[in-house]
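Report on the following structure.
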Amino acid sequence: MALIDLQNISKQYDIKVILKDANFTLQEGQRVAVIGQNGQGKSTLFKIIMGLTEPDSGELAIDKSIKIEMLDQQPKFEDNLNVRNAIENQLVEIKAAKTEYENITNRLATEYENKELLRRQSELATFIDFHNAWDLDNMIERVLKEFDLKQYEFKDVNLLSGGEQRRVSLAGLILKKPDVLLLDEPTNHLDVYMVEFLEELLLKNNFTLLFISHDRYFIDNIATNVIEVDGGELRKFNGGYSMYLEQKAQILSNLQKEHENLLRLVKQEAHWMQHGVTARRKRNERRKAEYFDLKNRAKTNPAYIKKMSLELQREQKSFNSEENQQNRKKMLYELDNIYKSLGEKELICNFTTRILQKDTIAIVGPNGSGKSTLLKIFMEKMKIDSGSFKKGDFQIGYFDQQREMLDDDKTIMEIFCPNGGDRVVLDDGRNMHVYGYLKNFLFPKEYLDKKVAVLSGGEKNRVALALLFTKRVDCMILDEPTNDLDIPTINILEEYLQNFQGALIFVSHDRYFVDKIAKKLFVFKGNGEIMESFQPYSEYLEIEKELKELNSLEVEIEKEKNISSKTEQKETKKQTKLSYKEQREYDTLPKEIEDLEKKIEELNDCLANPSCYEKIGIITLSSELEEKQKFYNEKVDRFLELELLVESFNS
């Protein structure tokens, strides 16, 4: 069912064509991502749909029975309204429906043959079902918690920061669930855990959605279709971001002469998606299959939980051989047991690390956990409370969210050529004309004489990043570099960063960007602990999620065990030691396990020796090894189970 239908829509501002004979249809249940370079017409498309802007020509048909709502970049709230009330004020219609439903249900106890009441009750039930509002109060509580708004629950909403106000507005819209929801950069100001929660709600509640985003994993996870706005045209692609890349590469391969530069970027992106994410997903799928199998077995045998938890923790904390080779590289930073707190909050506790000349490190974790504080320590803008902090003699290039390196009163030309002339020297020594260089960052020639003050936030970020790559530095420190950037610009940024020869330290919530650029993670756990990992960030998050599920399962099993134990105490005397059979098994298992380990080692040695495996046969050896390995795992699991029983008797 088509909810919105745009036919031959055109829109022009002065001489700039924004949309030209554009066609677009939104069906019920679709989640459409709108992508494209900034200034190409994404926001204009939203404004036309919302009735905030009239098209110059074309037809716009919107189902009059539906409600369309949009997340504003700068939401407005009434005066003297706290955060909880600001959310609840958006849910007045839903609360009224629930109240009416309850009243009708009570009336039907005595008027059970009233057909009008039954019809109205059915209508209200359908409405409440659509908005998933039967347990609305608990959903409000959960949204407050997951969007980190619980601490501000009774604070005046107009005293919050812009990012916090957007989270309040987003929370209300998600709970309100209009028939069509328009979101402009919904993941801005959300950390990865908030983004995951948002993804869960959007998918679980089957939203009809039109959204603008530069978060490529968010697009991949959420979108059923992608619309690219380019040169006034709307091009439709099926699936999420990875499928868009595949389809785009196919289209561009037929237009190679016209799109040489864009083709290179798209192929680079598609190659990474194919060889990076896809391979990792296959590996994750295998591990997740094992995880779910163990999780099911854990319900009957708690020893499996410990086994799986240990395996996941080892995987999460894995380090690769790169660290052993790094001693030959130049040392930039050396931190030994540093500690830093702000007020009563511990941000960094006993953190020790070394950063070398070609390290590429992403600093990740929840909002407010101390990531920017660590950057300030690296920049020597903030001192540690205790521990040892050593910084070598090297040059730093810094990109901050406030863009302090830019002077609003200067033109772009004056920023890049402060001493006159029209050429810039890049960090790799290349000498380029300033226009030729800025064209790489998607700036047209007429922008050279524009003052920084008149640029948009995204354009200022592009100028700041372009300026950064003209500096000769040994280390770049970047704070949320992808904020306010469109996907084409992020692709360019990634290419420059991948070619940078120095160390790179950056804070980002963009999972795709972190996966693609970082070779190492500093993960802020939110309690002062910082963990180092060489895993891709998306893989780390998957394991973290599985560990949380295992912890919840362990608590659930413990509760069931306590209930069962109390029941057994009433019926029979509590077991205080192993039975004779169990004790004998517990005593003999270590020797059996040791013998199996030796046999497995012998089989592996034989498989590595041609003169050995040719006599016995590879298939025979492999089958025996598989059987022994399976038998070994069963023995280990049984021993862990008995060991847990022994520990419970002694506690």
Any residue in segment 79-98 that is surrounded by 17 or more Cβ atoms within 10 Å (Cβ to Cβ), in contact with a Leu (Cβ under 6 Å, 6 or more places away or on another chain) and of a type in the set (V, I, T)?
-> yes
All but one of (1) closer than 19 Å to R638 by Cα; (2) surrounded by 11 or more Cβ atoms within 10 Å (Cβ to Cβ); (3) modelled with pLDDT of 75 or more hold for E554; which doesn't?
-> (3)
On the given criteria, is L173 buried (at least 23 other Cβ atoms within 10 Å of the Cβ), under 21 Å from I49 (Cβ atoms) and in contact with a strand residue (DSSP E or B) (Cβ under 7 Å, 6 or more places away or on another chain)?
-> no
Look at N138 and say whether it is surrounded by 14 or more Cβ atoms within 10 Å (Cβ to Cβ), under 16 Å from K98 (Cβ atoms) and out of contact with any strand residue (DSSP E or B) (no Cβ under 6 Å at 6 or more places or on another chain).
-> no
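Looking only at segment 13-23, count how many residues are surrounded by fewer than 20 Cβ atoms within 10 Å (Cβ to Cβ) and either part of a loop (DSSP other than H, G, I, E, B) or at pLDDT 90 or above (or both).
5
Residue-wise test of (1) among the basic types (K, R); (2) under 25 Å from the mean Cα position of the chain (by Cα).
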{"position": "N337", "(1), (2)": "no, no"}
{"position": "G370", "(1), (2)": "no, yes"}
{"position": "M382", "(1), (2)": "no, no"}
{"position": "D400", "(1), (2)": "no, yes"}
{"position": "R403", "(1), (2)": "yes, yes"}
Does at least one position in segment 492-511 carry a residue that is surrounded by 15 or more Cβ atoms within 10 Å (Cβ to Cβ), modelled with pLDDT of 90 or more and polar (S, T, N, Q)?
-> yes
Residues (modelled with pLDDT of 90 or more, assigned to a helix (DSSP H, G or I) and either out of contact with any strand residue (DSSP E or B) (no Cβ under 8 Å at 6 or more places or on another chain) or not β-branched (V, I, T) (or both)) located in segment 152-163 | Y152, N158, L159
Applying the selection to segment 607-643, what residues are aliphatic (A, V, I, L, M) and surrounded by 14 or more Cβ atoms within 10 Å (Cβ to Cβ)?
-> L607, L621, L625, V636, L640, L642
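When you scan segment 413-508 for strands (runs of 3 or more DSSP E) that lie fully inside it, which ones turn up with 1 or more residues that are closer than 28 Å to T360 by Cα and small (G, A, S)?
Details: elements: 423-425, 431-433, 475-479, 503-507.
By residue number, 503-507.
The values are calculated or read from the model by the stated rules, or taken from the named source; none is laboratory data. Because the structure is a prediction, the values reported are computed rather than measured. A quick note on method: Cβ atoms are made from the backbone with ideal geometry, for glycine too, and the neighbour counts reach across all protein chains shown.
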